[in-house]
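**Student:** Quick one: structure below, then a few questions.
The values are calculated or read from the model by the stated rules, or taken from the named source; none is laboratory data. All figures in this text were calculated on a predicted structure; none of them were measured in a lab. Quick reminder, even Gly has a Cβ in these numbers, built from the backbone with ideal geometry, and neighbours come from all protein chains shown. Protein only, heavy atoms only, side chains kept; ligands, DNA and RNA dropped before computing areas. Shrake-Rupley method; radii C 1.70, N 1.55, O 1.52, S 1.80 Å.
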Amino acid sequence: MGPHHPECAGRLDAIADRLIASGLDGYLRHHDAPAATHKQLERVHAPEYIAAIEAASPEEGICYLDPDTAMNAHSLTAARHAAGAVVLATDLVMRGECDTAFCAVRPPGHHAERARAMGFCLFNNVAVGVAHALASGVERAAVIDFDVHHGNGTEAIFAGDERVIMVGTFEYPLYPYTGVDPLGPNMFNVPLGAGSGGEEFRAAMTNVCLPALEAHQPEIVFISAGFDAHREDPLANLQFTEADYAWVTGELLDIAQRHAGGRIVSSLEGGYALSALGRSATEHVRALAGL
Ligand SMILES: [Zn+2]
């Protein structure tokens with residue numbers, strides 16, 4: 001995203017370092033992310049949009065797609081592999097080779113719409129995974145998005161698709177200033193005011209999001225795992241802690257085990273305070289692993 005930008009390569013190092021320091025890394029199986037194919041991307045993105053992103057990819061320097069969203073010479077490759085990671089994770093849990101998977105990827109995806117890059121996002125990684133699951137025969141999928149920013153791209157892609165529900169919390173008002181008027185009956189959005197913390201988050205989950213997931217009985221659960229609602233994050237004003245991320249992940253694991261054979265695919269979205277990101281993602285992965 002350019003120099004001195006919070007969406008930086010150090011984010012993945014922070015997660016990897018903390019997974020190692022916690023001792024959890026040794027319990028995990030690592031996979032390299034393949035590039036998503038055109039066919040996989042075109043399930044959620046317009047072919048003309050994919051072509052435009054490819055055409056915009058610079059050989060050097062930075063190309064701005066909108067004021068927030070830039071590409072360098074490597075961004076297109078990274079974005080293809082970020083989406084491909086979620087496809088591979090979906091295949092792994094669908095084949096029973098693992099129960100849960102966490103995709104430590106950049107760039108994030110949940111702001112990317114069918115034909116628009118925005119909010120540091122080029123391809124909607126989680127949406128590509130959901131569409132892959134649907135194409136593989138899944139009849140009911142769910143997305144939970146607890147990033148501090150509303151996942152407008154995922155909502156726009158799946159609004160009105162009764163095979164999918166999307167539930168989540170986000171700070172409002174805050175970028176991208178959407179979500180308070182859900183685009184479809186399959187969207188369960190809980191905006192939280194600035195300053196809200198774990199108590200408000202757990203109430204929103206317990207009263208709205210988790211019952212909606214329970215009612216939908218998804219065969220696979222996707223998580224847009226943004227950790228920028230953490231109280232140390234510089235980009236927003238919520239007050240979540242590592243314990244909140246561990247709690248919600250445990251609740252999702254319970255639901256997945258009841259309805260989805262334990263299948264969860266989680267993919268990194270935001271999270272910009274590097275230490276808090278590493279700690280939060282580690283607690284999330286620990287809970288996903290049932291440890
Ligand atoms: Zn975010």
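**Student:** May I ask you to give the percent of accessible area on the chain that is carbon plus sulfur, with a probe radius of 1.4 Å?
**Tutor:** 50
**Student:** When Lys and Arg each count +1 and Asp and Glu each count -1, what net charge do the other residues less than 9 Å away from Glu242, Cβ to Cβ, add up to?
**Tutor:** Result for the neighbourhood of Glu242: -1.
**Student:** So, one more: Per residue, how large is the accessible surface of the chain? Use a 1.4 angstrom probe and give square angstrom.
**Tutor:** Accessible surface, normalised per residue, equals 39 Å².
**Student:** Find the relative contact order for the range 229-291 and round it to a whole percent, using C-alpha pairs within less than 8 Å whose residues are 6+ positions apart.
**Tutor:** 41
**Student:** Hey, another quick one. Name the residue from Leu192, Ile223, Ala212 whose Cα lies farthest towards the positive end of the charge dipole of the range 141-247, charges +1 on Cβ of Lys and Arg and -1 on Cβ of Asp and Glu.
**Tutor:** Ala212
**Student:** Report the local net charge at Gly226: Lys and Arg +1, Asp and Glu -1, summed over other residues whose C-beta lies under 9 Å from its C-beta.
**Tutor:** -4
**Student:** Considering only protein heavy atoms, what is the solvent-accessible area of Leu183 at a probe of 1.4 Å, reported in Å² to the nearest 10?
**Tutor:** It works out to around 110 Å².
**Student:** If the only charges are +1 at each Lys and Arg Cβ and -1 at each Asp and Glu Cβ, what is the size of the charge dipole of the chain around the Cα centre, to the nearest 20 debye?
**Tutor:** Dipole magnitude for the chain comes out near 500 debye.
**Student:** So what is the relative contact order of the range 53-129, in percent, for Cα pairs below 8 Å that sit 6 or more residues apart?
**Tutor:** 30
**Student:** Could you grab the relative contact order for the chain? Cα pairs under 8 Å, six or more apart, rounded to a whole percent.
**Tutor:** 20
**Student:** Then there is this: Could you put Arg43, Arg18 in order of accessible surface area, largest first, with the 1.4 Å probe and the full protein assembly present?
**Tutor:** Arg18, Arg43
**Student:** I'd like the accessible area for Glu139, computed on protein heavy atoms only with a 1.4 Å probe and all protein chains in place. Round to 10 Å², please.
**Tutor:** 120
**Student:** Within 13 Å, Cβ to Cβ, of Leu65, how many net charges do the neighbouring residues add up to if Lys/Arg are +1 and Asp/Glu are -1?
**Tutor:** Its environment carries a net charge of -3.
**Student:** As I understand it, the dipole of the range 28-145 uses +1 on the Cβ of Lys and Arg and -1 on the Cβ of Asp and Glu, about the Cα centre. Which of Pro107, Leu88, Thr37 lies farthest toward its positive end?
**Tutor:** Farthest towards the positive end: Leu88.
**Student:** If you don't mind, another one. What accessible surface, in Å², does a 1.4 Å probe find on Tyr245, ignoring ligands, DNA and RNA and rounding to the nearest 10?
**Tutor:** Per-residue accessible area (Tyr245): approximately 0 Å².
**Student:** Over all directions, average the projected area of the Cα convex hull of the chain and note it in nm².
**Tutor:** So the mean shadow area of the Cα hull is 13.1 nm².
**Student:** Taking N as the number of residues in the range 1-114, what is its alpha-carbon radius of gyration divided by 2.2 N^0.38 Å?
**Tutor:** 1.17
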